[in-house]
Amino acid sequence: MDLSELVNDLLLWIWARHHNELSWYVRPLFLLPFCYFAYRRSLLGILVTLLVFPTNLFWFPAPENPSPRVEGYLAWERQFLTEGSVAARVALVLLIVGFFVALAAAFWKRSWLWGLAVLNAGTLLKVIWSVAFGGAAGWESLVPSLFTLVVTDAAIVLAARWLKRRRARQGDTAQDAERDADLGHRTQATDRSGSRK
């Protein structure tokens, strides 16, 4: 078996496992760490997340009886990626790259609102693109996309609120410490003044 046959067999194996719908619902496991590492300004974390992202295609076993809806969507997706318009494929790559760059920039700048806006806009564009180019088969991406959106939005909103409360508690603690220190200085000054008398 030569290298080309080996690569072809590997791709067929991956594509068969991608028919398992569970692989469509694990995207939050990558998007949330991506946002976290961008927020922490870790280029290494961002890079590792992007490298691991495609592996979700083959995490789950190939289904014995794939859903006809899934088969229809993936057949369109495969045709688009292998035989579709070059301009459309280039545009898709640019949109994906732009999405991740915008998402990283938003959280790098610690802007929760812009991060959520990018996530929601990206999800909407994904569904529109699938329907525009895939027709009826493209609607198959709607439920997984909405699931990803709900999970990531909820996690990010909860994280933002938690950080806000944490900072408020830290601010209160710092203020209490300043008051205690100020009171201690005043007490010492009073003691020194009394001792002089």
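The values are calculated or read from the model by the stated rules, or taken from the named source; none is laboratory data. Just so you know, these numbers come straight off a predicted model, no measurement behind them. Using ideal geometry, Cβ is built from the backbone for each residue, glycine included, and neighbour counts are taken over all protein chains shown.
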Candidate set from segment 82-95 (those that are under 13 Å from residue 130 (Cβ atoms) and among the hydrophobic types (A, V, I, L, M, F, W, C)); member that is modelled with the highest pLDDT: 95
Residue satisfying all of: in segment 1-17; among the aliphatic types (A, V, I, L, M) and more than 26 Å from the chain's Cα centre (by Cα); modelled with the highest pLDDT among these: 6
Residues of segment 68-87 classified as surrounded by fewer than 13 Cβ atoms within 10 Å (Cβ to Cβ) and of a type in the set (Gly, Ala, Ser), total: 3
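State which residue is modelled with the lowest pLDDT when the search covers only segment 109-121 and only residues that are surrounded by 18 or more Cβ atoms within 10 Å (Cβ to Cβ) and closer than 15 Å to residue 33 by Cα.
Pass one, segment 109-121, residues surrounded by 18 or more Cβ atoms within 10 Å (Cβ to Cβ): 112, 115-116, 118-119.
Now narrow it down to the ones that are closer than 15 Å to residue 33 by Cα: 112, 115-116, 119.
Values: 112: 90, 115: 93, 116: 94, 119: 93.
The qualifying residue modelled with the lowest pLDDT is 112.
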Segment 102-127 residues that are closer than 15 Å to residue 92 by Cα and without any contact (Cβ under 8 Å) to a residue 24 or more places away in the chain, paired with ones that are among the polar types (S, T, N, Q) and assigned to a helix (DSSP H, G or I) (beta carbon under 7 Å, 6 or more apart): 126/141; 126/145; 127/141; 127/145
Residue list for segment 16-53, filter: without any contact (Cβ under 8 Å) to a residue 40 or more places away in the chain and under 16 Å from residue 144 (Cβ atoms): 22, 23, 26, 29, 30, 53
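Quick one: is residue 61 over 13 Å from the mean Cα position of the chain (by Cα) and touching a residue at least 40 places away in the same chain (Cβ under 8 Å)?
Values: over 13 Å from the mean Cα position of the chain (by Cα): yes; touching a residue at least 40 places away in the same chain (Cβ under 8 Å): yes.
Here the answer is yes, as residue 61 does meet what is asked.
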Selected residue (criterion: surrounded by the fewest Cβ atoms within 10 Å (Cβ to Cβ)) from residues of segment 123-171 that are of a type in the set (Phe, Trp, Tyr) and within 24 Å of residue 35 (Cα to Cα): 162
